[in-house]
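To start, the structure under review is shown below, and the notes come after it.
The values are calculated or read from the model by the stated rules, or taken from the named source; none is laboratory data. As the structure is a computational prediction, the values presented were derived from the model and not from experiment. Using ideal geometry, Cβ is built from the backbone for each residue, glycine included, and neighbour counts are taken over all protein chains shown. We work out accessible area using only protein heavy atoms, side chains counted, and drop any ligands, DNA or RNA first. Shrake-Rupley method; radii C 1.70, N 1.55, O 1.52, S 1.80 Å.
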Amino acid sequence: DLTAWKKSADAIAKRWPEWESLSVFQAYAKDLQEGVACASSIAAISTGRNLLTDPDPLPELIKHLTTALRTELGKLQGDLSAAFVAGEEKLAASDLWKRLSEEQRATLTNTFQLTPPAKAAIGTDEEILTALQARTLADRHNLLDAVPQRFSRALDEASALLEPKAVRVALPGATIRNAAELDQWLSAARQQVEKQLKDGPVIL
């Protein structure tokens, strides 16, 4: 029995770091389709006390999770870069932004965090873990959602600096199916803007 117990203890010690890695990656991937799929397998290993099963099931599960996480991280980093490019194009096309001094633009860029974060390396499992420890998938989604608002707020502040009396007007939402409905929407939008123009400049 002592020999068998020692053999089991050695096997557990060898696989335990893999099990801990699997648990960490599963926690980060829990909302991904692959994370949900792997959860039942991980639960079965834990419930059935099958850590020492041969062949070792852990490397394949870790591979599934890290592949899914790498794909999602890559997509989010690409989407984030695109969002910042769109924001920068919006600034470049704005007369307000062009009228600001270099110092004013630099201040607003810093204040509203308009510089994209550096892309994290995600080639290895260790790099994926480092990237997720720095910013989780949920954090990255929240940042992606916030980027357009950052650039809009920067333009609002630019307007406040150059046109203190300017007011932002939100155009009415609508589902437009034909030219007649488009004309209707344009007429309503025009009336809304013209009404506000009586009190000063308008930001759209």
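Below are the figures for this structure:
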quantity	calculated
Tally of residues being in a loop (DSSP other than H, G, I, E, B) and open to solvent by less than 50 Å² (accessible area, probe 1.4 Å) across region 102-115	2
Residue check, Asp156 modelled with pLDDT under 95 and open to solvent by less than 60 Å² (accessible area, probe 1.4 Å)	yes
Residue in region 96-113 that is farthest from the chain's Cα centre (by Cα), counting only those that are farther than 17 Å from Gln149 by Cα and among the basic types (Lys, Arg)	Arg99
Among the candidates Ala93, Ala134, Ala118, Ala138, residue that is modelled with pLDDT of 90 or more, under 29 Å from the mean Cα position of the chain (by Cα), more than 23 Å from Gln77 (Cα to Cα) and surrounded by fewer than 12 Cβ atoms within 10 Å (Cβ to Cβ)	Ala93
Of the criteria (1) under 30 Å from Ala27 (Cα atoms); (2) crowded, with 16+ Cβ neighbours inside 10 Å; (3) touching a Lys or Arg at 6+ places or on another chain (Cβ under 9 Å), which one Pro148 fails	(2)
Inter-residue pairs, beta-carbon under 8 Å, first under 19 Å from Ile42 (Cβ atoms) and in region 61-88, second polar (S, T, N, Q), 6+ apart	Leu61/Ser41; Ile62/Ser21; Leu65/Gln26; Ala68/Gln33
Selection count, region 166-192, where residues are open to solvent by 80 Å² or more (accessible area, probe 1.4 Å) and over 23 Å from Gln149 (Cβ atoms)	7
